[in-house]
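The structure under discussion is supplied below as structure tokens; questions concerning it will follow.
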Ligand code: FPP
């Protein structure tokens with residue numbers, strides 16, 4: 001794999017945890033648990049390849065419509081993982097940031113999210129961005145409303161400042177696992193020129209081979225951003 005032309009920012013839809021569990025006759029939550037291990041692995045690969053930003057779609061606003069048991073299981077899993085990983089995150093200088101409506105989360109999850117953001121805010125090696133209670137359309141609508149409230153006419157240059165994380169560069173590479181070929185309301189504004197990579201693997205099975213395959217595929221592409229050079 002070429003060492004140059006490594007993406008700065010990778011965004012991933014971690015899909016297929018439920019099917020992974022189903023295939024093994026396990027409860028869906030076991031699939032999410034296995035998904036957490038895949039998250040750990042991918043953050044290691046990002047560190048190895050010096051990728052600066054990794055955004056993971058951990059929970060969409062639409063996910064609230066899942067059975068109560070699964071939603072509650074996911075919420076407590078997030079709180080638990082966040083608290084357990086703090087030392088590892090600090091050791092590896094990983095900054096955790098949230099993308100989405102943190103204020104609408106159950107109080108203990110919100111508390112864990114704000115805590116980990118604060119604890120890791122000065123770490124600089126990898127920005128691990130967790131899209132949580134996130135919806136791309138509502139991010140855009142909120143941004144437009146903020147601009148309206150400020151009486152500002154927006155341009156492409158100024159609009160970004162109203163998004164949730166204006167300082168984060170757009171993703172270079174988008175990955176979705178489990179064979180679904182959709183964007184599912186993820187980073188709608190930010191992926192305008194992102195290279196898309198879809199793989200059949202279910203998220204808990206996502207490994208270094210697939211990660212490198214995605215990067216190699218990215219490296220072969222000619223990014224023209226709408227121009228002809
Ligand atoms: C999609 O699989 C996955 C989710 C909705 C949850 C993703 C969460 C994790 C991997 C845990 C990550 C934890 C941290 C702390 C970042 P699915 O349930 O939609 O699978 P299916 O399509 O096969 O049903």
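The values are calculated or read from the model by the stated rules, or taken from the named source; none is laboratory data. What you see is a predicted model, and the numbers here were worked out from it, not measured in a lab. For neighbour counting, all protein chains shown are included, and Cβ atoms are generated from backbone atoms with ideal geometry for every residue, glycine included.
Kindly check whether there is at least one residue in the stretch 88-104 that is assigned to a helix (DSSP H, G or I), within 23 Å of residue 30 (Cα to Cα) and away from the ligand (no atom under 14 Å from the Cβ).
No: the stretch 88-104 contains no residue that is assigned to a helix (DSSP H, G or I), within 23 Å of residue 30 (Cα to Cα) and away from the ligand (no atom under 14 Å from the Cβ).
Any residue in the stretch 25-38 that is within 14 Å of the ligand (Cβ to nearest atom), surrounded by fewer than 16 Cβ atoms within 10 Å (Cβ to Cβ) and closer than 19 Å to residue 177 by Cβ?
Yes; the residues of the stretch 25-38 include at least one that is within 14 Å of the ligand (Cβ to nearest atom), surrounded by fewer than 16 Cβ atoms within 10 Å (Cβ to Cβ) and closer than 19 Å to residue 177 by Cβ.
Give the residue, chosen from 160, 176, that is within 23 Å of residue 53 (Cβ to Cβ) and either surrounded by fewer than 16 Cβ atoms within 10 Å (Cβ to Cβ) or away from the ligand (no atom under 16 Å from the Cβ) (or both).
Going through 160, 176 in turn, just one is within 23 Å of residue 53 (Cβ to Cβ) and either surrounded by fewer than 16 Cβ atoms within 10 Å (Cβ to Cβ) or away from the ligand (no atom under 16 Å from the Cβ) (or both): 160.
Another one. Please go through the stretch 199-222 and pick out each residue that is touching a residue at least 40 places away in the same chain (Cβ under 8 Å), in a helix (DSSP H, G or I) and within 16 Å of the ligand (Cβ to nearest atom).
Within the stretch 199-222, 203, 204, 205, 211 qualify.
Also: What number of residues within the stretch 80-111 are buried (at least 19 other Cβ atoms within 10 Å of the Cβ), within 18 Å of residue 64 (Cβ to Cβ) and touching a helix residue (DSSP H, G or I) at 6+ places or on another chain (Cβ under 6 Å)?
Count: 2.
Does the stretch 1-24 hold any residues that are assigned to a loop (DSSP other than H, G, I, E, B), away from the ligand (no atom under 13 Å from the Cβ), modelled with pLDDT of 95 or more and in contact with a helix residue (DSSP H, G or I) (Cβ under 9 Å, 6 or more places away or on another chain), and which are they?
Of everything in the stretch 1-24, those that are assigned to a loop (DSSP other than H, G, I, E, B), away from the ligand (no atom under 13 Å from the Cβ), modelled with pLDDT of 95 or more and in contact with a helix residue (DSSP H, G or I) (Cβ under 9 Å, 6 or more places away or on another chain) turn out to be 6, 7.
Then there is this: Among the candidates 147, 143, 131, single out the residue that is surrounded by 14 or more Cβ atoms within 10 Å (Cβ to Cβ), at pLDDT 95 or above and in a helix (DSSP H, G or I).
The conditions single out 143.
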